[in-house]
Amino acid sequence: MIDYIFTSILVSAILSGIAPSEKQKETRRFNSLPAKEQREIKEAEKRKRIEFDTQSNVNLIGNCFEDPIFCFEYKPLINKIKENSKNEVFATEFNNSFNSSFRNAKFGCFCRESLDPNIYPVCPIEKSQLDLACQKRQKCLFEQNLNWLNSNLKCDSEFVNYLEKFKKGKYIDYDKFDNESIELYNSQQLTNLINIKREISK
């Protein structure tokens, strides 16, 4: 009898070490899903978190610049940032985060703070629409005696209008994320960053 009890305890202990926990099962199930479904689940979770944060009035700037594409489309977050921008400390933090995000959204030879026409053998890269748009923006900024982070309505409007035409009817393929998808993603990042700044400044 004692041997039986001891054996049962030993088997249970071994099985508990081998049998996956609920968290492990959930992780395996998630990893077995197609990339598109994984992304949809992550985005739904992120939306819930950001909705909660927005209601709680916390981490507004971090949530916005973590994903500028989502931020501009999620109006409650934009409205909360706008309300808080009346506070000077908050406004300074917002401007610093904007500058950092805009500076980090680099592409090609011209979509960068320190432009470098020699960074690739051919610039704009293989007739890239985004790099061409950035080249035009750099030219406009130079003529207006401005810089990549310190722009004006004219240069930004021309840039955004050009990119809106380029993006029309095109979709980012997150599963392949080929060169066209990377270009479209960066176009959306830059466009939405400019649109966020405009919306907050109104």
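The values are calculated or read from the model by the stated rules, or taken from the named source; none is laboratory data. Because the structure is a prediction, the values reported are computed rather than measured. When we count neighbours, we look across all protein chains shown, and the Cβ atoms used for this are built from the backbone with ideal geometry, even at glycine. Surface areas here come from the heavy atoms of the whole protein model, side chains and all, with no ligands, DNA or RNA. Shrake-Rupley method; radii C 1.70, N 1.55, O 1.52, S 1.80 Å.
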Roughly how many Å² of Arg29 are accessible to a 1.4 Å probe, to the nearest 10?
120 Å²
Return one number: the angle in degrees, 0 to 90 and rounded to the nearest 10, between the long axis of the Cα atoms of helix 35-56 and the longest principal axis of the Cα atoms of the chain.
80 degrees
Which of rounded, prolate or oblate describes the range 117-156 when judged by the alpha-carbon gyration tensor and an a/c cut-off of 1.5?
prolate
With contacts defined as alpha carbon pairs under 8 Å and 6 or more residues apart, what's the relative contact order of the chain in percent?
19 percent
So if we plug the beta-carbon distance of Gln55 and Ala35 into 1/(1 + (r/R0)^6) with R0 = 45 Å, what FRET efficiency do we get, rounded to 0.05?
0.90
Between Leu153 and Ala91, what is the label-to-label distance in nm when each label sits 7 Å out along the Cα-to-Cβ direction?
1.8 nm
Hull volume in cubic angstrom per residue (convex hull over the Cα atoms of the range 100-189)
95 Å³
What is the list of residues in the range 154-186 whose amide nitrogen lies under 13 Å from a point 7 angstrom out from the Cα of Tyr120, following Cα to Cβ?
179-184, 186
Only helices counted: for the chain, with every DSSP H run of 4 or more residues adding -39500 (n - 2.57) and the sum spread over all residues, [θ] at 222 nm is -22500 deg cm²/dmol
Would you rank Arg39, Arg47 by solvent-accessible area, highest first, keeping every protein chain in place and using a 1.4 Å probe?
Arg47, Arg39
Listed here are the pairs Lys36/Lys86; Lys46/Lys167; Lys42/Lys197; Lys42/Lys170; Lys80/Lys127; which of them are more than 29 Å apart at the Cα?
Lys36/Lys86; Lys80/Lys127
Report Rg(Cα)/(2.2 N^0.38 Å) for the range 30-123, keeping two decimals.
1.39
Give me the net charge of Leu149's neighbourhood, meaning all other residues with Cβ under 15 Å from the Cβ of Leu149; Lys, Arg count +1, Asp, Glu -1.
+4
Would you mind checking the tilt of helix 2-18 against the longest principal axis of the Cα atoms of the chain, expressed as 0 to 90 degrees and rounded to 10?
10 degrees
Which angle between 0 and 90 degrees, to the nearest 10, do you get for helix 153-167 versus the longest principal axis of the chain when only C-alpha atoms count?
50 degrees
Can you give the direction-averaged projected area of the convex hull of the alpha-carbon atoms in the range 53-202, in nm²?
9.6 nm²
